[in-house]
Amino acid sequence: MRWLRRLSAWLGGAMLAAVLGSSVQTQFNLAELQALGASIDLSTRWSATLHDLSGFTPAWWGLLVAGFALALPMAAWLSQRHGLRDQWYALAGAM
């Protein structure tokens, strides 16, 4: 059952990254629209964030899971071969 704990942590980490990434990107986009002169109040920010969380996050989560499925085993292999475990995993997560 150790693999189930690892899988749950991996999928949960990807979900957290997707939710945070989607929310932050929404706020960046709204800030740029505001810089162009658009009037964006707090309720619009919440509405846009919730819309993106329901619409964009699932697709982003799928991309993150696919990326982690490639990057993390590669980091494991490289760390066994060359050492520097923390650095390889940090690089894999950043990719």
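Each reported figure results from applying straightforward, stated rules to the coordinates on display, with no laboratory input. In this text the structure is predicted, and so the values were computed from the model without any measurement. With ideal geometry, Cβ positions are generated from the backbone for all residues, glycine too; neighbour counts draw on all protein chains shown.
Treating each Cα of the chain as an identical point scatterer and summing with the Debye formula, the log10 of I(q)/I(0) at q = 0.23, 0.25 Å⁻¹ comes to -1.11, -1.20. Under 10 Å, Cα contacts only: if you run a Gaussian network model on the chain, which one of 42, 78, 50 comes out with the highest mean-square fluctuation? Evaluated over the chain, the most mobile residue of the options is 42.
Nearest 10 degrees, 0 to 90: what angle lies between the long axis of helix 85-94 and the longest principal axis of the chain (Cα atoms)? It is inclined by approximately 30 degrees. Axis angle, to the nearest 10 degrees, between helix 57-82 and the longest C-alpha principal axis of the chain: 30 degrees.
Per-residue Cβ neighbour counts within 10 Å put 68, 28, 56 in the sequence 28, 56, 68, beginning with the fewest.
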